[in-house]
Amino acid sequence: MNRLLLLVLLTALLSLDAWPQQRTTVGGTVVSGVTGQTLAGVSVSGGGQTVVTNDDGYFLLKSDTPMSSIVVSHVGYRSVKVEGERLKVEDGLRIRLQPAEIQLGEVLVVAIDARELVDEAVRKIPQNYGQRPELFHCFYRETVMKRQRYIMVSEGVVDMYKTSYKNVSGRDRVAIRKGRRLLSPRRNDTLSVKVTGGPVLPVQLDVVKVRDVLLNKDDLDCYDMTMEPSTTISDRSQYVVSIKPRCVMPYALYYGKLYIDQETLAFTRIELSLDMSDRQKATQMMLVKKPWGVRFRPKELLLLIDYRTDGDVTRMSYVRTTFRFNCDWRRRLFATSFTACCEMAVTSHDAEEAQPISGRESFDQRDAFYDKVEFFRDSTFWQDYNIIEPTVSLDRAVDRLLKSR
């Protein structure tokens, strides 16, 4: 009798293990409630997962746990919580975000000194950001366009290990877990120019943690700072400080904006544009290597870093870099324009069982992401992973590249 009961229990447990896990998927488009235009880079969270909208304003969010609601937030807009029956729309959600109105007293504006505000925000970094090691699960994509045509696409799932923000010289590393690549087969599309980038960017350009990029006294002394009108991010009021170079340095400086939470003084968003007035300095910041005989002419470098506040901890959530440059051979009359983009979105994080990434597993800044992943395969490649959904133009470009192979 006991053996029979044990057999029944084992059969029941095996049946439960074999039962497919129900996955919840929610997708849709986010638009401005005023203009109706689609909004890119909007954060969408639910079921413990987070994604961002692509340049078409579209998102697709997947979760192993039921999603009773999702929260949609973007800089300068009021957050929207979508729940209940609205999540079951078969043709996809259409979410309208309304601009947030922030009223900041005139006396308060006059009283705030931009530099003193930034200095105080820097002093509060150790208490506002992660105070213990964490493992972040992320989606990463890099693309290269020649004029208006895609010639390279690489994308993957990566893990990013970050130590405490009190430990500036920590062992922050990135490891590739899954990836794929696609390159134009045209011989004249091949140009062995490597610009700064890759999955290590979120480690190297986490300016809140790596202070020698921007947020140190010597570099901050090189900028004029101005208070701009306040805005909101995730329904939290933000100070906005604009920066511009005030002196000449041996390296290129930035123009940009720093967003600082008015309550916690945490940096929540950083937008930077490299000063292109000195082409040689800009080239030193952008170019890693190029073939002999190729002329490299920098046009633009844009950097965007988003941080999300969860409870009393602020964490990195999204990074995007855009490089625009021209290249030509010395004997050619006309230069060819190129645009290289890298973006990485944190989809989830784990602080309880975060283990360091070993040196053998980690991605080195000298490596090329393209060389570390496999070729494109089937349409179910990503399966249950959360990714930044490709735009319509990128989808079409991938189809054309696959057909031309």
(request) Please work out the average accessible area per residue across the stretch 156-271, using the 1.4 Å probe convention, and give it in Å². (result) 42 Å²
(request) Show which lysines lie in cross-link reach of K299 when reach means a straight Cα distance below 26 angstrom and same-chain residues fewer than eight apart are skipped. (result) K146, K194, K244, K257, K281, K289, K290
(request) Report ³J(HN,Hα) in whole Hz for each residue of the stretch 337-347, in order, from the Karplus equation J = 6.51 cos²θ - 1.76 cosθ + 1.60 where θ = phi - 60°; Gly and Pro get x. (result) 8, 10, 10, 10, 10, 10, 9, 9, 10, 7, 8
(message) Accessible area of the stretch 236-373 with a 1.4 Å probe: how many percent of it is carbon plus sulfur?
(response) 45 percent
(request) Please sort by residue number the chymotrypsin sites (Phe, Trp or Tyr not before Pro) in the stretch 292-329 whose DSSP state is loop and whose Cβ has at most 14 other Cβ atoms within 10 Å. (result) W292
(request) Report in % the part of the accessible area of the stretch 111-221 that belongs to carbon and sulfur, leaving out ligands and nucleic acids; probe 1.4 Å. (result) 46 percent
(request) For the stretch 157-209, compute Rh as the Kirkwood radius over C-alpha pairs and then the Stokes-Einstein diffusion coefficient at 4 °C and 1.567 mPa s; write the answer in µm²/s, rounded to an integer. (result) 94 µm²/s
(message) Rounded to the nearest 20 debye, what is the charge dipole size of the chain about its Cα centre when +1 sits on each Lys and Arg Cβ and -1 on each Asp and Glu Cβ?
(response) 2140 debye
(request) For every helix of n ≥ 4 consecutive DSSP H residues, a contribution of -39,500 (n - 2.57) applies; sum these over the chain, divide by its total residues, and give [θ] at 222 nm rounded to the nearest 500 deg cm²/dmol. (result) -4500 deg cm²/dmol
(request) Find the centroid of the Cα atoms in the stretch 180-253 and in the stretch 386-405, then give the distance between the two in whole Å. (result) 27 Å
(request) Extending each Cα 7 Å along its Cβ direction at V248 and Q98, get the distance between those two points in nm, one decimal. (result) 5.2 nm
(request) Putting +1 on Lys and Arg Cβ atoms and -1 on Asp and Glu Cβ atoms, find which of Q383, N54, V288 reaches farthest to the positive end of the dipole of the chain. (result) V288
(message) On a 1.4 Å probe surface of the protein chains, which of K178, K244, K162 comes out largest in accessible area, and what is the full order?
(response) K244, K178, K162
(message) Only helices at least 15 Å long along their own axis, judged from Cα atoms, and with Kyte-Doolittle mean hydropathy of 1.0 or greater: name those in the chain from DSSP H.
(response) 2-18
(request) Select from S362, L265, F325 the residue farthest towards the positive end of the dipole of the chain; place +1 on Cβ of Lys and Arg, -1 on Cβ of Asp and Glu, and compute about the Cα centre. (result) F325
(request) Read phi for every residue in the stretch 301-318 and hand back ³J(HN,Hα) as whole Hz from Karplus 6.51 cos²θ - 1.76 cosθ + 1.60, θ = phi - 60°, with x for Gly and Pro. (result) 9, 10, 10, 10, 10, 10, 10, 10, 9, 10, x, 10, 10, 9, 10, 5, 10, 7
(message) As a test question: what accessible area, to the nearest 10 Å², does M276 have when a 1.4 Å probe is rolled over all protein chains in place?
(response) 50 Å²
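The values are calculated or read from the model by the stated rules, or taken from the named source; none is laboratory data. These figures come from a predicted structure and were not determined experimentally. Cβ: placed from backbone, ideal geometry, glycine included. Neighbour counts: every protein chain shown. Just so you know, the surface numbers come from the protein's heavy atoms only, side chains and all, with ligands and any DNA or RNA stripped out. Shrake-Rupley method; radii C 1.70, N 1.55, O 1.52, S 1.80 Å.
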